[in-house]
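Input: a single structure, listed below in structure tokens.
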Amino acid sequence: MGAVAMESAGNFQEVLGLELVESSGDKVVFTCPVKPHMHQPYGILHGGVYCSIVETAASVAGAMWLGDKGYVVGVVNTTNFIRATRDGTLTATATPLQRGRTQQLWQVEIVDDEGRLAAHGQVRLANITDADKLGR
């Protein structure tokens, strides 16, 4: 399942420039370079990028934890923007708050090059068994 999660996230991860640094069912770490095409009009990183990083890190971690028992899909993403970022590299770390039979809750901290908190998010994931029915 871990490989499936990484493959399905692959195209979007490439758009963001995410690089997987560490991965297990208990912790996932990604890095992401901040580039000008990711900025909003004021020259700072667009909030949607933070949300996307949070969703990706939590989903990959949750899928790795669930393994071959099924698939995960995000059902709630709450991301707080703490510090504006213009450049450098962000590091996102996902850790579990709750993992159960039908749902999981993961938190993700995103820090800048100086270790300062740039964003914090939580993602509620649903554990599902039949991904073929999604979106139909």
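Read-outs throughout are calculated quantities, based only on the coordinates presented, and are distinct from any laboratory measurement. On a predicted model such as this, the values are computed, not experimentally measured, just so you know. With ideal geometry, Cβ positions are generated from the backbone for all residues, glycine too; neighbour counts draw on all protein chains shown.
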Query raised in the report: Residue by residue through the stretch 109-125, which ³J(HN,Hα) values in whole Hz follow from phi under the Karplus form 6.51 cos²θ - 1.76 cosθ + 1.60 (θ = phi - 60°), with glycine and proline marked x?
Result: 9, 10, 10, 8, 4, 9, x, 7, 5, 9, 7, 9, x, 10, 10, 8, 10
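So between Lys133 and Asn11, what do we pick up on full extension, going 0.36 nm a residue minus the alpha carbon distance? Display every interim value, and only then the final one.
Details: separation 122, 0.36 × 122 = 43.92 nm, distance 2.15 nm.
Net length gain for the segment: 41.8 nm.
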Query - Debye, to nearest 20: dipole size of the chain, +1 on Lys, Arg Cβ, -1 on Asp, Glu Cβ - result: 460 debye
Query raised in the report: Where does helix 2-16 land angle-wise versus the long Cα axis of the chain, in degrees 0 to 90, nearest 10?
Result: 20 degrees
Query raised in the report: For the chain, what is the mean residue ellipticity at 222 nm derived from helices alone (per DSSP H run of n ≥ 4: -39500 (n - 2.57); sum divided by total residues; nearest 500 deg cm²/dmol)?
Result: -8500 deg cm²/dmol
Query - Leu20 paired with Thr95, simple spin-label distance in nm, labels 7 Å along Cα-to-beta-carbon - result: 2.1 nm
Report task. Out of all DSSP beta bridges with both ends in the chain, state the antiparallel percent to the nearest 5. Result -> 100 percent
Query raised in the report: Rg(Cα) of the stretch 81-136 divided by 2.2 N^0.38 Å?
Result: 1.51
**Report entry** Between helix 47-66 and the chain: long-axis angle, C-alpha atoms, 0 to 90°, nearest 10
**Finding:** 30 degrees
Query raised in the report: Looking at Gln13, Tyr50, Ile128, which one has the Cα that reaches farthest to the positive end of the dipole of the chain (charges on Cβ: Lys, Arg +1; Asp, Glu -1)?
Result: Ile128
Query - Dipole axis of the chain (+1 Lys, Arg; -1 Asp, Glu on Cβ), positive-most option in Pro96, Val28, Thr78 - result: Thr78
**Report entry** Relative exposure of Ile44, Ile53, judged by other C-beta atoms within 10 Å (fewest first)
**Finding:** Ile44, Ile53
Requested in this report: Give the calculated FRET efficiency between Val75 and Leu117 to the nearest 0.05, with a Förster radius of 25 Å applied to their Cβ-Cβ distance.
Outcome: 0.50
